[in-house]
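First the structure, in the form of C-alpha cells, and then the observations on it.
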Amino acid sequence: MTHARLSPVLILGVGGRLGKMLRAAWRKTPPLGLEIHYQSRRMLSGENSVRWAPGDDPAALPACDTVIALWGQTSGEAPALDVNVTLADQSRDVARACGASRVLHLSSAAVYGPASAASEVTPPAPVNAYGQSKLAMETAVAGFDDLGLRHVCLRLANVVGADSLAPVLTGSAPARLDRFSDGNGPLRSYIGAADLADVLAALSRLPAAQLPALLNVAAHRPVAMQDLITASGKDITWRNAPPDAVQEVTMDCSLLRRLLPHVTPQSDPVALVKMLHAQG
C-alpha cells in the first residue's frame, strides 16, 4: 500500500505563548496532509522539533514547502520592535534555504489602528509602536522579489488566551476593563487558537499562487472583551477609558471566507472560552 506524501511545514518561533497553543491544537488534531516541524531557540520535547537560532547553519533545518513565521517582538519601544523587520528577512532566508514555496508572515490587526471592519485595502493607520513595526515589516515583505517563493502577510486578530485578557481568562488576575462613552468596553476581532491552527493548515495546503499578499485572519464577527470575561465566569471592574484608549479594532474577513469557505472560526464568546480551556 502506498501512502500520500505529507507536505512539510516549518513553524518558526514556537517558544512563545501562541506557539505553545498552536502545538497543543495540532497535537490534539493533527492537520490533514501536513507534517509539522517546530523551530525554537531551546530544545522542545516531542518529535519534529529543532533547536535553531538565526545565524545558525540553515542546513540543520528540514526541507519544507511552507514556512510560518510566528516569531516577533510584541512589546517595548520602537528600537526593540525594529527586530520585526529583521525577522522577516530571516524568514525569507530560511524559506529559500529549505526550498519552500511560501512564507506566512504574522502581522497584526494593530496596523489598522482604530478601525471598524477594516479590509485588506483599508489604509493602515497604526497608533502604537507595535503596529508601526508590523507595518514596517509588511513594507519590507512587499519589496521581496523571489521567483517561486510567495510571501503572505497575515493580519492576525487577537488570539483568545494570547492577548491582554489571557491572565484573566486562564488565571486569577482581576478583570479590569475600560468603559467608553457608550457604556461598553473594547470590541475586537478575535480568533481561537485551534481555529487559527486550522486556518494556517488550510493556507499551507492551498497552491501558493492562490495566496494573496495580505490577508485578515479572524472570526467573521467581532467579540466584545466584556463578553469573553463574562463567559469565563469572572466579574468585571470598570474604569473610565483614558483619552488615548481605542474602543474598536475590527476587521472584515470576507477575503478569508472566500479563500477558505470550509474553515469557519468561532466568534461565540462561550465557545471561544471553552476552546481555550480544552487545550489545557
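Annotation for Thr29 and Val121: the two label points, set 7 Å from Cα along the Cα-Cβ direction, are 3.3 nm apart. The relative contact order of the chain, computed from alpha carbon pairs under 8 Å that lie at least 6 residues apart in sequence, is 18 percent. Each Lys and Arg adds +1 at its Cβ and each Asp and Glu adds -1 at its Cβ; summed about the Cα centre, segment 122-280 shows a dipole of about 200 debye. What separates the Cα centres of segment 173-227 and segment 43-102 is a distance of 23 Å.
For a label point 7 Å from the Cα of Arg5 along Cα→C-beta, name the residues of segment 72-101 whose backbone N is under 16 Å from it. It comes to 98-101, nothing else.
Here the label points at Asp244 and Arg42, each 7 Å from Cα along the C-beta direction, are separated by 3.3 nm in the simple model. Annotation: peptides 172-179, 253-260, 52-59, ranked by per-residue average of other Cβ atoms within 10 Å with the highest first, follow the order 253-260, 172-179, 52-59. Candidates Leu12, Ala209, Pro243 compared by Cα position along the dipole of the chain: farthest toward the positive end lies Leu12, with charges placed on Cβ.
Placing unit charges on the Cβ atoms of the charged side chains and taking the dipole of segment 1-158 about its Cα centre, the candidate lying farthest along the positive direction among Leu22, Val111, Gly131 is Leu22. Per atom type, the chain shows carbon and sulfur on 52% of its accessible surface, probed at 1.4 Å. In this structure segment 167-246 gives 45 Å² per residue of accessible area when probed at 1.4 Å with all protein chains present. Simple point charges give the picture: +1 on the Cβ of Lys and Arg, -1 on the Cβ of Asp and Glu, and for segment 1-132 a dipole about the Cα centre of about 500 debye. Calculated mean residue ellipticity, 222 nm, the chain: -9000 deg cm²/dmol, from DSSP H runs (n ≥ 4) at -39500 (n - 2.57) each, averaged per residue and rounded to 500. Each semi-axis of the equivalent ellipsoid for the chain is √(5λ) with λ an eigenvalue of the Cα gyration tensor; in descending order they amount to 31, 21, 18 Å.
Please compute the per residue accessible area over segment 29-129 with all protein chains in place, 1.4 Å probe, rounded to a whole number of Å². Dividing the accessible area of segment 29-129 by its residue count gives 47 Å².
Assuming charge only on the beta carbon of Lys and Arg (+1) and of Asp and Glu (-1), the dipole of the chain about its Cα centre is about 680 debye to the nearest 20. Considering lysine pairs in the chain that are 8 or more places apart or on different chains, how many have Cα atoms under 24 Å apart? Going through the chain pair by pair, I get 5.
The values are calculated or read from the model by the stated rules, or taken from the named source; none is laboratory data. All figures in this text were calculated on a predicted structure; none of them were measured in a lab. When we count neighbours, we look across all protein chains shown, and the Cβ atoms used for this are built from the backbone with ideal geometry, even at glycine. All accessible areas refer to the heavy atoms of the entire protein, side chains included, with ligands and DNA or RNA removed. Shrake-Rupley method; radii C 1.70, N 1.55, O 1.52, S 1.80 Å.
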